[in-house]
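The values are calculated or read from the model by the stated rules, or taken from the named source; none is laboratory data. Quantities reported herein were computed from a predicted structural model and do not represent experimental measurements. In this analysis, Cβ positions are derived from the backbone assuming ideal geometry, glycine residues included, and neighbour counts consider all displayed protein chains.
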Amino acid sequence: MADIGTLNTMKAAEDPVRGQLDGPRGARPKRNLSRRNIMLYGVLIVVAIYYLLPLYVMIVTSLKTMPEIRLGNVFSLPKDITFQPWVKAWAEACTGVNCDGLSRGFWNSVRILIPSVILSISIACVSGYALSKWKFKGSEVFFTLLLVGAFIPYQVMLYPVVIILRDVGTFLTDIWQGTCGFFTSAEGSCRGRVQLFGSLSGLVIVHSIFGMPILVLLFRNYFASIPEELFKAARVDGAGFWQILFRIMLPMSLPILVVAIILQVTGIWNDFLFGVVYTRAEQYPMTVQLNNIVNSVQGTKEYNVNMAATLLTGLVPLAIYFVSGKLFVRGIAAGAVKG
Amino acid sequence: MTDHSVQIKDLDLHFGAVKVLQNLNLDIHDGEFLVLLGSSGCGKSTLLNCIAGLLEPTDGQIFIKGQNVTWKEPSERGIGMVFQSYALYPQMTVEGNLSFGLKNARVPKDEIKRRVDRAAEILQIEPLLKRKPGALSGGQRQRVAIGRALVRDVDVFLFDEPLSNLDAKLRADLRVELKRLHHQLKNTMIYVTHDQVEAMTLANRIAIMKGGLIMQLDTPDVIYNRPVNKYVADFIGSPSMNFIEGTLERGTFRAGEFTMRMQGYDFAAGSAQDGPAIAGIRPEHIVTGELAANMPATMQVKAELVEPMGSDTLIWSRVNDEPFRIRMDGHLPVEEGEILNIGIDPARVSLFDTSTEERL
């Protein structure tokens, strides 16, 4: 082994030819302004501007008053900043029948989002775990069928799902009213109806089902990458299906959980189609309300309110990305399609 | 019945059309250290997984301590298992890893603590109890993995190539420790490996497997000196055995110019004494130098290649155009190209039938 000591003695021995040691030595110096770097950063800056400019225009416009907007200087900074458009977008803007702004849509979205995310991720997590570690006869076929579901456009299923929700709701109502005498004898307790079509619960179910293919794929692949021996060791240690999931697998799954949460939160929050089809006007999610504000044809177009409303709607996914961006990348890499 | 710790009866395991284990029978004595040895894909790990209950056999029965455990869960079989990749739970501390199985079995807290402390003491991992597996070295991790089997207070330990992930020096150290552990605990241990040194040094008995069948089950000494067939003879020993094809005529083996009267050779009962045969000669059983002339069979070979290894020297030569290896004392000087006189003791040779490759 040539350690530093012997290297030094070698150098001393070569002293007479010192001149040869003056050449390049150590790490090669790197120029900061090389042609490659100019190209790289140039492209990055252009792309960044391309994406940030619309955002800038939106923010600036949302802080201007209408007379100032009418001057037409889209890129100029606001002369006197006003938050009135934000207040109006949140609390006063008219959407169809009611005039209480986006706040109603926001809370509707939250009410849709939280149960959908929890429900879909829990089901997908357990399914993915079962499909990767507790393979049963036909589990591969089952998984393939599930994946095929990911390739069918949602629009094809819109109307069938309407019928299913309506009929299942009626069916459940019948069961409820038929059996309710067994559980309670209180007066009038049997008058309730199970409504799936045109209600938030129906939309939650739809979101959970449509999120299944991609989420199960994600979880299955992640769990498949956890060594088989770990799973075997846990079985020898006497852990069962749920214990292995909760004590061994889930504590190792933070990255993939974050990915799933981000996918579902942004997907469900940004959803427009299901929201407009499966709910009624007073339950519209934020995106549908935003559309109603921005696309309303009566009166003047209040660009500043529209911009503020759009920004407000985009705030939740944006916050999610900012908070968990790093974990997201790590998780995507971990859950990459495999076996 | 109680003499047998683990019994395997007519075990079959098929993956679709692939027969991994075929009609396998194995009796393992109480307190025995049995090594399952074979090249990869011979079914040795599969067999171990069947004993552990991690794989369902297609047919056959498994008994542990006289109890039929064929349908039992792994945790109910009274086994502890150590894996090649350690398989420690990464998010738990060492203590958590050791106690996980006991908590699942609802063992009282003070009992858990007592057993964990005892295992930690035996394996000398007490200072590591509060650490996570990520902060341990390979050798420490494998100790914890052994500890996890130890705390379960089981009758049978199963090892699935536990030392394969360690570097050579650590492997040698842990090997000795495992042997010491076996002396101390006197449990039945079943150990899967493809490393013949581990097998020879650790085992009371070795089962050599090939293609889902046990070729030979015997003590290391018998396996080494009296291999039942050519496969076993070739598999055991490093450098591997030399094979010379020839014929056997009335107790004399002939191959080209080389003849060897098989006096002192212990022929297997009822085996043919005439016909084509293969003589297997271990490189370390070949005598060189002055003593060679005293041997019953002698020949001259040319040293084509010399590999000095310090303690001994390996010489590559050719006999009847087949490579021929000789292992000799490292002190004796040998030049490449030199003609060597070698002597062979027929009693230490193994003869195999050319067609069946069974021992004669």
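A few remarks follow.
- Complete set of residues in the stretch B:57-74 that are surrounded by 14 or more Cβ atoms within 10 Å (Cβ to Cβ) and in contact with a Ser or Thr (Cβ under 9 Å, 6 or more places away or on another chain): B:Pro57, B:Gly60, B:Gln61, B:Ile62, B:Phe63, B:Ile64, B:Lys65
- With a requirement of 3 or more residues that are at the interface with another protein chain (Cβ under 10 Å from one of its Cβ atoms), the helices (runs of 4 or more DSSP H) lying completely within the stretch A:219-285 that satisfy it span A:228-236.
- The lone exception for B:Leu185 - which of (1) under 25 Å from B:Ile278 (Cα atoms); (2) more than 13 Å from the chain's Cα centre (by Cα) it fails: (1)
- Considering each residue of the stretch A:62-73 in turn, at least one proves to be more than 27 Å from the chain's Cα centre (by Cα), on the phi > 0 side of the Ramachandran plot and either hydroxyl-bearing (Ser, Thr, Tyr) or at pLDDT below 90 (or both).
- Looking across the stretch A:108-129, the residues that are of a type in the set (A, V, I, L, M, F, W, C) and touching a residue at least 60 places away in the same chain (Cβ under 8 Å) come down to A:Ile112, A:Leu113, A:Val117, A:Leu119, A:Ile121, A:Ile123, A:Ala124, A:Cys125, A:Val126.
- Listed conditions (1) within 14 Å of chain A (Cβ to nearest Cβ); (2) over 22 Å from the mean Cα position of the chain (by Cα); (3) surrounded by 14 or more Cβ atoms within 10 Å (Cβ to Cβ); (4) within 23 Å of B:Glu161 (Cβ to Cβ) are all met by B:Val82, apart from (2).
- Of all residues making up the stretch A:304-330, the number that are farther than 18 Å from A:Ala89 by Cβ and without any contact (Cβ under 8 Å) to a residue 60 or more places away in the chain: 7
- Residue match in the stretch B:323-344 (condition: aromatic (Phe, Trp, Tyr), closer than 19 Å to B:Ser238 by Cα and part of a strand (DSSP E or B)): yes
- For the stretch B:215-263, the set of residues classified as surrounded by fewer than 14 Cβ atoms within 10 Å (Cβ to Cβ) and out of contact with any strand residue (DSSP E or B) (no Cβ under 7 Å at 6 or more places or on another chain) consists of B:Asp221, B:Ser238, B:Glu249, B:Arg250, B:Gly256, B:Glu257, B:Gln263, listed by residue number.
- Residues within the stretch A:237-248 that are farther than 14 Å from A:Ala124 by Cα and in contact (Cβ under 8 Å) with a residue 60 or more places away in the chain, tallied: 2
- Close contacts from the stretch A:87-100, counting a first residue that is under 18 Å from A:Glu282 (Cβ atoms) and a second that is at pLDDT 80 or above and in a loop (DSSP other than H, G, I, E, B), with Cβ to Cβ under 6 Å and a gap of 6+ residues or different chains, come to A:Trp90/A:Gly101; A:Trp90/A:Leu102; A:Ala91/A:Gly101; A:Glu92/A:Gly101; A:Ala93/A:Gly101.
- Unique residue being in contact (Cβ under 8 Å) with a residue 24 or more places away in the chain and in the same structural domain as B:Ala203 (by TED's automatic domain parsing) when the list is B:Phe15, B:Phe33: B:Phe33
- Scoring B:Ala168 on the criteria (1) surrounded by 23 or more Cβ atoms within 10 Å (Cβ to Cβ); (2) among the small types (Gly, Ala, Ser); (3) out of contact with any Leu (no Cβ under 9 Å at 6 or more places or on another chain) leaves a single failure, condition (1).
- Tallying residues that are hydroxyl-bearing (Ser, Thr, Tyr) and under 19 Å from B:Gly337 (Cβ atoms) within the stretch B:282-322 yields 3.
- Scanning the stretch B:170-196 for residues that are without any contact (Cβ under 8 Å) to a residue 24 or more places away in the chain and β-branched (Val, Ile, Thr) turns up just one, B:Val176.
- Criterion (more than 14 Å from chain B (Cβ to nearest Cβ), β-branched (Val, Ile, Thr) and under 15 Å from A:Val126 (Cα atoms)) met by exactly one of A:Val216, A:Val162, A:Val168: A:Val216
- Candidates A:Ala186, A:Ala89, filtered to the one that is loosely packed, with under 14 Cβ neighbours inside 10 Å, small (Gly, Ala, Ser) and modelled with pLDDT under 90: A:Ala186
- Options B:Asp160, B:Asp153; residue that is surrounded by 15 or more Cβ atoms within 10 Å (Cβ to Cβ), within 23 Å of B:Cys50 (Cβ to Cβ) and away from chain A (no Cβ under 12 Å): B:Asp153
- Residues within the stretch B:148-169 that are assigned to a strand (DSSP E or B) and more than 22 Å from B:Gln67 (Cβ to Cβ), tallied: 1
- Only one entry of B:Pro308, B:Pro283 meets the criterion of being closer than 17 Å to B:Phe258 by Cβ and at pLDDT 85 or above, and that entry is B:Pro283.
- Taken together, the residues in the stretch B:171-208 that are of a type in the set (A, V, I, L, M, F, W, C), buried (at least 16 other Cβ atoms within 10 Å of the Cβ) and closer than 22 Å to B:Gly80 by Cβ amount to 11.
- Which listed residue is within 14 Å of another protein chain (Cβ to nearest Cβ), of a type outside the set (Phe, Trp, Tyr) and either assigned to a helix (DSSP H, G or I) or within 30 Å of A:Leu254 (Cα to Cα) (or both), from B:Ala172, B:Ala120, B:Ala145: B:Ala145
For every residue, the table says whether it meets (1) more than 13 Å from chain A (Cβ to nearest Cβ); (2) more than 23 Å from A:Arg247 (Cα to Cα); (3) within 21 Å of the chain's Cα centre (by Cα).
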| site | (1), (2), (3) |
| --- | --- |
| B:Phe100 | no, no, no |
| B:Arg115 | yes, no, no |
| B:Ile125 | yes, yes, no |
| B:Pro133 | no, no, no |
| B:Glu177 | yes, yes, yes |
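- Checking B:Phe243, B:Phe253 one by one, the residue that is within 20 Å of B:Ser317 (Cα to Cα) and part of a strand (DSSP E or B) is B:Phe243 and no other.
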